[in-house]
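Structure, as structure tokens:
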Amino acid sequence: ATGLPYEPQHIILTCGAAGAVNIALKSLLNPGDEVVTFAPYFVEYDFYAANHGGTLVRAETDAEFQIDLAALERVVTERTRAVLINSPNN
């Protein structure tokens, strides 16, 4: 026992963050669904959403590149399934 509240069947190993994000989006998206991220963003997110029939929607950050919650509210729709928050330069 590890003392952690997880069972082996609840753990997925991936080869890095790209694989993990793709798996998460595959489980969440149906064709036409949306994924929101803040600009600037990691450009591969466009491909990750498209890989699973989704569309990437961009929310603007403020002048200091901080998350703008009002901008997020403006772009979230009934088709939004995920919001990716990132640092584009890692």
Going by the conditions given, is Gly54 modelled with pLDDT of 95 or more and surrounded by fewer than 14 Cβ atoms within 10 Å (Cβ to Cβ)?
-> no
Quick check: is even one residue across the range 23-34 buried (at least 16 other Cβ atoms within 10 Å of the Cβ) and more than 18 Å from Arg79 (Cα to Cα)?
-> no
Yes/no for Phe42 being touching a residue at least 40 places away in the same chain (Cβ under 8 Å) and either touching an Asp or Glu at 6+ places or on another chain (Cβ under 8 Å) or of a type in the set (D, E, K, R) (or both) = no
Of the residues in the range 1-41 that are farther than 30 Å from Ala71 by Cα and among the hydroxyl-bearing types (Ser, Thr, Tyr), the one that is farthest from the chain's Cα centre (by Cα) is Thr2
Residues located in the range 44-85, provided they are under 16 Å from Leu28 (Cα atoms), touching a strand residue (DSSP E or B) at 6+ places or on another chain (Cβ under 7 Å) and outside any loop (DSSP other than H, G, I, E, B) = Tyr45, Asp46, Ala49, Thr55, Leu56, Val57, Thr80, Arg81, Ala82, Val83, Leu84
For the range 1-50, how many residues meet the condition of being touching a helix residue (DSSP H, G or I) at 6+ places or on another chain (Cβ under 6 Å) and either at pLDDT 95 or above or closer than 17 Å to Thr80 by Cα (or both)?
-> 7
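The values are calculated or read from the model by the stated rules, or taken from the named source; none is laboratory data. Since this is a predicted model, take the numbers as computed values, not measurements. Methodologically, a virtual Cβ is constructed for each residue, glycine included, from the backbone with ideal geometry; neighbour enumeration extends over all protein chains shown.
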